[in-house]
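A.B. asks: Okay, handing you the structure first.
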Amino acid sequence: MTKTAATPTRNAPASVDAITLLDADHKAVSELFARFDSANSVSGKQALVAEICAALGVHAQIEEEVFYPAVKLALKDKVMIPEAIIEHASLKGLIATLEGIDPDGEMYDANVKVLSEYVKHHVEEERDELFPKVRASSIDILELGARLAARKQELMAKAASAA
Ligand SMILES: [Fe+2]
Ligand SMILES: [Fe+2]
């Protein structure tokens, strides 16, 4: 997938707003899960799971460090963000379990399935409940998008140098 999402502002081709960036992450992970479903070798599945876990890790971290605090403050939210943080913790638990399982067994596929369903549920809540409220708020989503992109790049560089 080399296609990039269209940017909402004509004069800022290099910048993407926060919601477009997070939506693109969600779509990328859902594509990886779809590829897992049709993968037929253990090594292929393992490579996809590594990619999924790395992508989810970076995504969750930029949301928790940058997006959620800004949104919580602007919306004076006491419900959606705490719930999202708890869901992230559950997702991290599933990822940790998955990393300790033999990739050649049925529990591996079962864990990936549960992880994908859990991610789907969490993403739907963000897309259908949280993002519309953010769009309707006074939050500068372009500025927030730039901060998310910068942090994402930093974390990905760190992961690449550690690999
Ligand atoms: Fe999230
Ligand atoms: Fe998300």
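A.B. asks: Let me spell it out: the conditions are (1) more than 30 Å from D104 (Cβ to Cβ); (2) away from ligand 2 (no atom under 16 Å from the Cβ); (3) open to solvent by less than 20 Å² (accessible area, probe 1.4 Å), and F67 meets all of them except one. Which number is the exception?
C.D. replies: It fails just one condition, (2).
A.B. asks: Which one of L98, L94, L73, L142 is more than 14 Å from ligand 2 (Cβ to nearest atom) and open to solvent by 70 Å² or more (accessible area, probe 1.4 Å)?
C.D. replies: Unique residue meeting the criteria: L73.
A.B. asks: Can you tell me which residues in region 122-134 are open to solvent by 80 Å² or more (accessible area, probe 1.4 Å) and either within 12 Å of ligand 1 (Cβ to nearest atom) or of a type in the set (F, W, Y) (or both)?
C.D. replies: Scanning region 122-134 gives R127, E129.
A.B. asks: While we're looking at this one, here's another question. Please work out which residue is farthest from ligand 1 (Cβ to nearest atom), limiting yourself to region 24-40 and to residues that are open to solvent by 40 Å² or more (accessible area, probe 1.4 Å) and touching a residue at least 24 places away in the same chain (Cβ under 8 Å).
C.D. replies: E31
The values are calculated or read from the model by the stated rules, or taken from the named source; none is laboratory data. Owing to the predicted nature of the structure, the values given are computational and were not obtained by experimental measurement. Positions of Cβ are generated from backbone atoms using ideal geometry, with glycine treated the same way; all protein chains shown enter the neighbour counts. Just so you know, the surface numbers come from the protein's heavy atoms only, side chains and all, with ligands and any DNA or RNA stripped out. Shrake-Rupley method; radii C 1.70, N 1.55, O 1.52, S 1.80 Å.
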